[in-house]
Amino acid sequence: MSGAPAIVLIGPPGAGCTSVAQALAGKRGAPCADLAAEIAARLGTPEELALVATPEADYRRAEEATALELIEASRASGSVLALGSGCLGSKRVRHALASLREQGGAVVALTASVRRLATRNGLDAPRSVALGTIHHEFTQMLRAREAQCRGAASIVVDTSEAEPAGAADEILTLLDTPTARP
């Protein structure tokens, strides 16, 4: 789908980057890429274990390099990319996203309520006190990542109550609205 602008989805864990990207790509007839899946494949580990099976510094290096490659590939092909938010700690990734926006691509921040994100990440069940303040730490991480996402995004879409297809429709509508894209 060369000629169509790239759309990159960023957001905290549970916001729906992967599922919304797949729905959006289907509606646009565009290719779709997922950073987490690509990193796991490159590291040779299941996606859900990639950060656990790999030392974090190694994972973050692979994440940055892969994110930069996928952003460029998306820009060139007009594809949809599920980036997530972990890579936004990289100045190089943030710069690549800003450059993508300057070239007409869209960076969409997905967000949801803390309660919804906690549920989607399995943190809504009672936990032993021995596990510490997991919910508090998760909330702090969400706030920090949400700020990074909002700073990098062209538009923001709340997925708290939306199904992936509905969120994809909202994104397409917002992208077709001239005032939505600064």
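Laid out as a table, the results:
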read-out	value
Estimated FRET transfer efficiency (ARG115, ALA76; beta-carbon r; R0 35 Å; 0.05)	0.35
Cα-based Rg and Dmax for the chain, where Dmax is the largest Cα-Cα distance (Å)	16.0, 54
Loop-located GluC sites (Glu not before Pro) in the stretch 135-168, at most 10 other Cβ atoms within 10 Å (DSSP)	GLU161
Relative contact order for the stretch 21-65, counting Cα pairs under 8 Å that sit 6 or more residues apart, in percent	25
Kyte-Doolittle at least -1.0, axis length at least 20 Å by Cα - qualifying DSSP helices, the chain	56-77, 134-152
Extended-chain gain in nm, criterion 0.36 nm per residue less alpha-carbon gap, GLN103 and THR45	17.5 nm
Within the stretch 14-149: Cβ-based charge dipole about Cα centre, in debye rounded to nearest 20 (Lys, Arg +1; Asp, Glu -1)	440
Percent RCO, i.e. relative contact order, over the chain, from Cα pairs under 8 Å lying at least 6 residues apart	33
Cα-derived Rg over Rh, computed across the stretch 21-62 with Rh taken as Kirkwood radius	1.13
Label-point separation, GLN140 to LYS91 (7 Å along Cα→Cβ), nm	2.5
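Every number here is computed from the coordinates shown, using simple stated rules; none is lab data. All values reported here derive from a predicted model rather than from experimental measurement. Ideal geometry is used to build each Cβ from the backbone, glycine not excepted, and the neighbour counts take in all protein chains shown.
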